[in-house]
Amino acid sequence: MVRHAEPGTAQWVESGGGPLVAVPETVLAFWTGADGEEAASDYDRACEVDGAVGLLPVGDTTALVLGDEPAATAYLPEHGTLVRWLAADSEADLLAGVGEALDTADWEPEVEWRVPGPVVLFDAAWPGAHSTGTDHLRLDLPAGRYAVRAAQARPGAETWLSLVQLRPLP
C-alpha cells in the first residue's frame, strides 16, 4: 500500500482506496469486509455511504463509516477528532492547522453514535477479525453516546483537511 502520510507525531491509517470504518471491538468478528457471502458485502454497504460519515449496523451495535475521501486519517484524542489529510506539505503543517480548522469549520449535521467501548478504525474492505493485522488505529472510547459531525477546512493556503469530531453526549 502506498503511504501518503509520513511518519511523525501522529499515527496514521490509510485504506487501499475505499472508505475507512470504525467498528466497536465487541463486534469486530461480525464485520465481513469485502468477503461477505451475501449479495452486498459490508464493504459494499460502506461504499454506499453518501457523505463524510454514516452509520451501519454491525452485530448488536453500529459502525462509523468515513466516506467521501480515502484519506490518511489520525485520531487526536485531545480534540476528540479524526483528522483526514487531504493536502499539506508536511504532517507538522497539517497538525498546526487543526485548532484553527476546528474553530472555523462549517460543520455538517450531526449523527448520534452509540458505542459499547473502544473501536478499531481500518480499511472497510478487511474483515474485522483480521483488522488488527493490517493498517489500523484503536480508539479507546468510553462506552456511551457520541455526537459525530464532519467538516472540511482549509486552515492554510496549502493545507486542506477533513475533520470528524466525536463529542460525548450526556
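The values are calculated or read from the model by the stated rules, or taken from the named source; none is laboratory data. This structure is a prediction, so every number in the text was calculated from the model and none was measured. Backbone-built Cβ (ideal geometry, glycine too); neighbour counts: all protein chains shown.
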Counting only residues that are assigned to a loop (DSSP other than H, G, I, E, B) and of a type in the set (A, V, I, L, M), which one in the stretch 121-149 is surrounded by the fewest Cβ atoms within 10 Å (Cβ to Cβ)? Ala143
Scanning the stretch 118-170 for residues that are out of contact with any helix residue (DSSP H, G or I) (no Cβ under 9 Å at 6 or more places or on another chain), aliphatic (A, V, I, L, M) and closer than 22 Å to Val27 by Cβ gives Leu137, Leu139, Leu141, Ala143, Ala147, Val148, Val164, Leu166, Leu169
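Residue-by-condition table, conditions (1) closer than 19 Å to Gly156 by Cα; (2) within 17 Å of the chain's Cα centre (by Cα); (3) surrounded by 13 or more Cβ atoms within 10 Å (Cβ to Cβ):
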{"residue": "Val13", "(1), (2), (3)": "no, yes, yes"}
{"residue": "Gly16", "(1), (2), (3)": "no, yes, yes"}
{"residue": "Pro24", "(1), (2), (3)": "no, yes, yes"}
{"residue": "Val49", "(1), (2), (3)": "no, yes, yes"}
{"residue": "Asp60", "(1), (2), (3)": "no, no, no"}
{"residue": "Gly67", "(1), (2), (3)": "no, yes, yes"}
{"residue": "Trp85", "(1), (2), (3)": "yes, yes, yes"}
{"residue": "Ala96", "(1), (2), (3)": "yes, no, yes"}
{"residue": "Asp106", "(1), (2), (3)": "yes, no, no"}
With the structure loaded, tell me whether Trp113 is among the aromatic types (Phe, Trp, Tyr), in contact with a helix residue (DSSP H, G or I) (Cβ under 8 Å, 6 or more places away or on another chain) and buried (at least 16 other Cβ atoms within 10 Å of the Cβ) or whether it fails that test. no
Across (1) hydrophobic (A, V, I, L, M, F, W, C); (2) at pLDDT 95 or above; (3) more than 18 Å from Val21 (Cβ to Cβ), Ala105 clears everything bar (2)
Going through the stretch 49-78 one residue at a time, which ones are under 15 Å from Leu20 (Cβ atoms) and of a type in the set (Asp, Glu)? Asp68, Glu69
Considering Arg154, Arg167, which residue is modelled with pLDDT under 95, in a strand (DSSP E or B) and farther than 25 Å from Tyr43 by Cβ? Arg154
